[in-house]
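Nothing in this text is a laboratory measurement; each read-out follows from the coordinates by a stated rule. Keep in mind that what you see is a predicted model, and the values were worked out from it rather than measured. As a convention, Cβ positions derive from the backbone with ideal geometry for all residues, glycine included, and neighbour counts pool all protein chains shown.
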């Protein structure tokens, strides 16, 4: 059993604490009395993952073992989580590869010929052949690509199936091949509590028509938080859609969870509590930080983007989604959940170089917003770590950088839409439709490697709950122009940021730093 | 008080003050600086005088309209305020007769008592024939017209003090002392143009201008070359004629053709009217009013003003001039008063009278004094410099004209060399920054050169114009009328005049201009109009994508070759590169043709697949997002979007969706294999403009409302074909052209990925595994 998570009170003996700041990191001395939330220590990984997979496939929850679901002549579709999971990407072999290989072996043994593999990328950019290869492994790639290993295409209307509407009137439209299969095997990685479960098929294989029912401002404002499914309007919608899908097609879910081994051993200090750093950790901190600062920007990005995590797998569970997912969530909580007493006036987050949408790409300002006010702010159960009207302080340089191929609609969103307004409701009503149906963006999404035209809007909605909750948002080290464009402020140092926060929370606010790395889910009481 | 008129043909008494009374005055050059002031004075201070003004009509502007416009000018501001708009117009209609036409053809009234002949060329270095036509022929036609009309007025001929030419010491108020025959000179001057025109058509001259035009404009196509060559020929003719004028003037002892022709004009006047009543008034450097109609009144920039402003803008580091030479400046109201006083006091028949109107003899202002006053003025009231505070004016040391000349010609050479070097550099933000600096430097130097040459005679003059006759006339004015009619230059306090009156007046316009520009130098692009009958035309390489033919070739070639053969391919390309560059410099079409030969033997279907799989993505990585946004904005506004490129059509497939019309080169294939030849000539330089005009005519597109975007000088014809041209990341030549023509210049490509990154990703398959 590893050490549970805990909340540190900063006192005179507390060393400066580590935080991410984009493609870099720093040690920051926090004001006395500040609280710091640490997750439990990284759990030990399963030693024999292949055996665990086999065990899960043969002993599923709530359904027959996988081999018994496979029959000759059937249509089998294997869907797997796309590039957005896990973060950073895991060292090869990817756990998805291991699972898919075993599933394919079982299918082959049962004489199943009609097998398709589909990446559940929804409106995300297509995975490149190289990225697909890395995820499913050489053997599978060579055998199935390109005819039977594909990205989901949410704009290929001939290959979408409208299954009907939920009782709330939500359209359910997903990939036709999957919908018309005899069995969908969904291969998942649940990195945070928001992933997996009902979300897998209903989101990963859906179209804009279907997604807009839960990816909207109203739903996100009522998802408190989206990492706490019972209290998430978004997940309620997923569940309703999942119910409808289950009436049409059988889904065999395989969910996996990972531990907190986010960085390779050369950067082991990133996974450790600061006062426990030994001489080697301190030396490597200085060396890595210095080297990182000296590198040319391009090389620095290349190195960060090629970092792969030596995750350990903490659980593999298969079967009916409704029975599997609670176990999966339990595993996530075991690794990430830390109980916190009460909210504070100020929350501090160090934002890393990566989010689900900039793998092998560029973290643009919109993504920074969604990472900070969306993903990190929502890493809570019950209540946010910061009180209503409080201040969030993020560490990130927010550079004015965009990937021209991956994020074309983001560039236009930033230059033309955010200059009009930053109000999510206004943007949603006035501009969403236009971006979502723009033929040029659709062409780029389908044929190039672009995120769908509507995606920047979703990123903005992702932060809608935080925008409503917070009194002020300050980026330490943030580019003045980009932060201002998004309606935020930037400060040079934490002291300046706290000075700026004074107007909102007074001169001696209570402060909580949600420590990252690694990921922590705060259970605020 | 005695007045003169038709009825009183009295002998003038030099010791009595006369007024014009009810005389009928004919004014020529009424729309000019001196003319306006004279007309105003006649209307405001000579209530009984009748005035006729001779005004040449302009296209769409009859003389009467020009005259009405005159009444709305600042010179009449005071009178308008005193009398009211209506009353002024009524008085003008009652007292002023507008005679429309040229001196040569009009019929003048027979009852004219006085002519004030103020019409003259305002330029110092016009072509020789133009100078003679205005300043000599103009005089002749005036007297011929007067003779035709049977009038016998007293003519006040306005000349200039500088007709005395280059000399030292005191110049008396007398007939000029020279023996130049004005008729011979006039004849010669008028014939010069034909000679020069003939000269300009000599094959050696033509070849030279064509070859120079080719060097600069070949990229833009043959028509641009010949247009530039013809323009150069015409400019050469003008330059020659200016040079003829200056050389002839200087060979006879005048500093420039202006003073030379004015001197001959005096001679003509003496010959044609000397037997009657003729007065010649010679003002020095006429500048803004001291008092009337209001202090500081001036119409446009006069002789000293460009220098004052240039100095205030900090671009005159030095100026050739002797610090102790006299700058003979005289306020315009003094000149007007003197002229009208002369007009009222005709000399005896057969003895023309001469008057110098200047400050040099009675109240001399040294060049150093002028400089110091202007410097002090700008120190107290510096010119604004946009966002960068205010301009600091330089301190002159008067190093002498030789030194200044050396500095000037040195800088000119350096700038010319810098520009030639820059024009050969590839397009980049840095090049454009340098180009801007050179452009500014060049403008300043051109300015300095022009004025240094022109004004040498005036700023190095060691001459005093005696004005005792003029002063004697002034002394006849009764003390109570001196304020209104006086012209004694000794009342001028130079410090007050230069710092409080003149400098504020001439810098006012510039200050307003700077204020208007203030703050943001980059004005936002105006919104696109919603119309369906206009087009937005885009060039591809350098405008929409940052890549070029060679780059896309490398993507295609290296990603389909085994790595072991890369070095061979790259070496071969490197060897051929000089050849391609030469072709590119010569003619864009030659380059396209030469380069596309490399595709010989490639499989068309394979190439198409490669584009769809790999190269299309590489192209999109090199796209400039601002360009795409612009294209889409045009589309959203209903405009027809057109892509015109010399690139092969297969390569533009990923972008085709943005355009209503794609015009690209097509490669010739035999059995699905590329032959390395094009199906038709590549659409470059003028061919693009020609295609666009034709297309516009066929489809009813309004080119004047249309837009075009391109990056290379070879696209100049295309850009000129539309009403809204835009230079995108322009190459140095196009940048220079766009600056001169005030075209909109765009800097695009903020988020475009680097050339090396994309090439590496493409050929190593990071983007898509192969």
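Between segment B:182-243 and segment B:381-446, the C-alpha centres lie 29 angstrom from each other. Would you calculate the convex hull of the Cα atoms in segment A:67-206 and tell me its volume per residue in Å³? Per-residue hull volume (Cα only) is 120 Å³. Could you give the Stokes-Einstein D for segment B:541-619 in µm² per second, using the C-alpha Kirkwood radius, 20 °C, 1.002 mPa s? The calculation lands on 158 µm²/s. Spacing of the modelled spin labels on residue A:157 and residue A:290, each 7 Å from Cα toward Cβ, amounts to 6.1 nm. Stokes-Einstein diffusion of segment B:535-764 at 25 °C, 0.890 mPa s viscosity, Kirkwood radius from Cα pairs, rounded to a whole number: 135 µm²/s.
Among A:194-205, B:647-658, how do they line up from the highest to the lowest mean number of other beta-carbon atoms within 10 Å? Walk me through the numbers before you get to the answer.
On the way: A:194-205: 25.4, B:647-658: 20.4.
Highest to lowest by the protection proxy: A:194-205, B:647-658.
Summary value for segment B:535-764: 27 percent relative contact order, contacts being C-alpha pairs under 8 angstrom separated by 6+ residues.
Between residue B:533 and residue B:571, how high is the FRET efficiency from 1/(1 + (r/R0)^6) when r is the Cβ-Cβ distance and R₀ = 41 Å? Nearest 0.05. Result of the calculation: an efficiency of 0.20.
Tell me, rounded to the nearest percent, the portion of alpha carbon pairs in segment B:178-274 spaced more than 24 Å apart.
On the way: 1898 of 4656 pairs.
Result for the distance tail: 41 percent.
Estimated from the Cβ-Cβ distance and a Förster radius of 56 angstrom, the FRET efficiency linking residue B:148 and residue B:227 is about 0.80. Counting Cβ atoms of other protein chains within 10 Å of each Cβ in A:401-410 and taking the mean gives 5. Taking only Cα atoms, what is the 0 to 90° angle, nearest 10, from helix B:138-149's long axis to the longest principal axis of chain B? Computed tilt is about 50 degrees. Remark: the residue B:239-residue B:412 segment gains 60.4 nm on full extension, using 0.36 nm per residue and subtracting the alpha carbon distance. Taking a ≥ b ≥ c as the square roots of the eigenvalues of the Cα gyration tensor, an a/c ratio of 1.5 or more together with a/b larger than b/c marks chain A as prolate. Which part of segment A:224-260 falls in the paramagnetic zone of residue A:307, meaning amide N under 20 Å from the point 7 Å along Cα-to-beta-carbon? Hits in segment A:224-260 for residue A:307 at 20 Å: A:258-260. Look at the alpha carbon pairs under 8 Å that are at least 6 residues apart: their mean separation over the length of segment A:49-258 gives a relative contact order of 23 percent.
Sum -39500 (n - 2.57) across every DSSP H segment of at least 4 residues in chain B, then divide by the residue count to get the 222 nm mean residue ellipticity, nearest 500. Don't jump to the answer; show the numbers that get you there.
Numbers: 28 runs with 360 residues, N = 770.
Result for chain B, helices only: -15000 deg cm²/dmol.
Helix B:549-560 versus the longest principal axis of chain B: what angle, 0 to 90°, nearest 10, using Cα atoms? The answer is roughly 10 degrees.
When peptides B:575-583, A:323-331, B:444-452 are ranked by their average number of other Cβ atoms within 10 Å per residue, the highest-first order is A:323-331, B:444-452, B:575-583.
Based on Cα contacts under 8 Å between residues 6+ apart, chain B shows a relative contact order of 13 percent. Label-to-label distance, residue A:138 versus residue B:510, with points set 7 angstrom from Cα along the beta-carbon direction: 7.5 nm. The stretch between residue B:757 and residue B:379 holds 130.7 nm of extra length on full extension. This uses 0.36 nm per residue minus the Cα-Cα distance.
The angle between the Cα long axis of helix B:429-459 and the main principal axis of chain B comes to about 20°, on a 0 to 90 degree scale. Based on DSSP H segments of at least four residues, each scored -39500 (n - 2.57), chain A has a per-residue ellipticity at 222 nm of -10000 deg cm²/dmol. Computed over the protein assembly as shown, the P(r) curve from all C-alpha pair distances, binned at 20 Å from the origin, holds 9, 27, 25, 19, 14, 6, 1 percent per bin. From the largest down, segment B:9-123 spans 47, 38, 29 angstrom on the principal axes of its Cα atoms. For a modelled paramagnetic label at residue A:167, 7 Å from Cα along Cα-to-Cβ, the residues of segment A:223-241 in reach, with backbone nitrogen under 13 Å, are A:240-241. Shielding by partners for peptide A:123-131, expressed as the average number of C-beta atoms from other protein chains within 10 Å of each residue's C-beta, is 3.
A viscosity of 0.890 mPa s and a temperature of 25 °C, combined with the Kirkwood radius over Cα pairs in Stokes-Einstein, give a translational diffusion coefficient for chain B of 80 µm²/s.
Please report how far the C-alpha centroid of segment A:174-200 lies from that of segment A:383-446, rounded to the nearest whole angstrom. When both Cα centres are located, 27 Å separates them.
What does the average come to when, for each residue of peptide A:433-442, you count the partner chain Cβ atoms lying within 10 Å of its Cβ? Please list the in-between numbers first.
On the way: counts 0, 1, 0, 0, 0, 2, 4, 7, 1, 1.
So the per-residue partner count for this stretch is 2.
Between residue A:333 and residue A:298, the C-beta separation translates, for a Förster distance of 56 Å, into a calculated FRET efficiency of about 0.90.
Summary of the geometry: segment B:74-146 and segment A:127-165, compared by the centres of their Cα atoms, lie 87 Å apart. Packing-based ranking of A:157-169, A:344-356 yields A:344-356, A:157-169, ordered from highest to lowest mean Cβ neighbour count within 10 Å.
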